[in-house]
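Heads up: the structure comes next, in structure tokens.
The values are calculated or read from the model by the stated rules, or taken from the named source; none is laboratory data. The shown structure was predicted, so the numbers you read here are calculated from the model rather than taken from an experiment. Please note: Cβ atoms are built from the backbone with ideal geometry, for glycine as well, and neighbour counts cover all protein chains shown. We work out accessible area using only protein heavy atoms, side chains counted, and drop any ligands, DNA or RNA first. Shrake-Rupley method; radii C 1.70, N 1.55, O 1.52, S 1.80 Å.
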Amino acid sequence: MIHHPHGNYSFVPGIAPYSCGVISQPGFEIVHVTLRTMTDWRTGFDRIDELLKQENRPRTALCAVSLRSPVPFTFDGFAAFNSEYAVVLKDWGVFVDGVNPIARTNIAPETQPPETPSLYGFAFTRPCAANQPPTFVVAGAGELPEGILKRDSIHRLGDVSADGLVEKARFVMNLMSTRLRLLGASWSAVTRTNAYTVHPMDRIVTEILEPQTDLASLHGINWFYSRPPIEEIEYEMDVRGIR
């Protein structure tokens, strides 16, 4: 992990658009905010700025972002959007030695999609009692190996059979578990498990999620009828542990 010198959290580096996840430092907690109505992501950053000022927190307290897109991007389109998005974070002084620390999820809702890439939610750090356990956000991931954004690397590419989807979900579940371990967290501390797919979830829930999420299963599984942010990726997850 890398400690953010001005954000009061630590993060596991990922790729240029986002980190693998963030966890609060002692004396601070991560708070998650969900917008009642999505707004264009640029306007969304203005909203984030307003709330951080109200909370008397610096811009560098921002540690996670949840976006919604009209449709899945191509790989090239995804890279182009990420370049534009990263400029805002750099201007805010969020990067640490050139590394993007923000955990992110970006999906494309199948119903009621936004007209433009939009902000759905975000998370930031704020002070809390020193004896509280850490809180965390694990970034969204689909069935691609860590750190790779190439079509040919999609696990079970093109396989949307029942068995193929279960294997995709198993692959993503392993990514989530690894990211939790790298953050120093565990499934028992997870309070929110989100799954994003337009495919049936029955076998994924019974064979992958329920058996492996430990105490997190007490909080249920939130299924968003949505597609991951890149074409031909079929299943995505993110998790968080907050108070």
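Per-structure values
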{"quantity": "Restricting the range 123-143 to residues that are open to solvent by 10 Å² or more (accessible area, probe 1.4 Å), in contact with a Gly (Cβ under 8 Å, 6 or more places away or on another chain) and part of a strand (DSSP E or B), the residue that is nearest to L182 (Cα to Cα)", "calculated": "V137"}
{"quantity": "Residues (of a type in the set (D, E, K, R) and more than 16 Å from the chain's Cα centre (by Cα)) located in the range 14-69", "calculated": "E29, R36, D40, R42, D46, R47, D49, E50, K53, E55, R57, R59"}
{"quantity": "Per-region count, the range 62-97, residues among the small types (G, A, S) and within 13 Å of I15 (Cβ to Cβ)", "calculated": "3"}
{"quantity": "Sole exception among (1) open to solvent by 70 Å² or more (accessible area, probe 1.4 Å); (2) in a strand (DSSP E or B) for L119, by number", "calculated": "(1)"}
{"quantity": "The lone exception for D152 - which of (1) modelled with pLDDT of 95 or more; (2) part of a loop (DSSP other than H, G, I, E, B); (3) open to solvent by 80 Å² or more (accessible area, probe 1.4 Å) it fails", "calculated": "(2)"}
{"quantity": "Tally, over the range 193-212, of residues that are hydrophobic (A, V, I, L, M, F, W, C) and not in a helix (DSSP H, G or I)", "calculated": "3"}
{"quantity": "Per-region count, the range 213-238, residues in contact with a helix residue (DSSP H, G or I) (Cβ under 6 Å, 6 or more places away or on another chain) and outside any loop (DSSP other than H, G, I, E, B)", "calculated": "6"}
{"quantity": "The range 192-243 - residue that is over 29 Å from F28 (Cα atoms) and without any contact (Cβ under 8 Å) to a residue 24 or more places away in the chain and, of those, surrounded by the fewest Cβ atoms within 10 Å (Cβ to Cβ)", "calculated": "D202"}
{"quantity": "Top-ranked residue in the range 38-64 [being of a type in the set (D, E) and open to solvent by 90 Å² or more (accessible area, probe 1.4 Å); ranked as farthest from A103 (Cα to Cα)]", "calculated": "E50"}
{"quantity": "So G158, is it of a type in the set (G, A, S), in contact (Cβ under 8 Å) with a residue 24 or more places away in the chain and open to solvent by less than 10 Å² (accessible area, probe 1.4 Å)", "calculated": "no"}
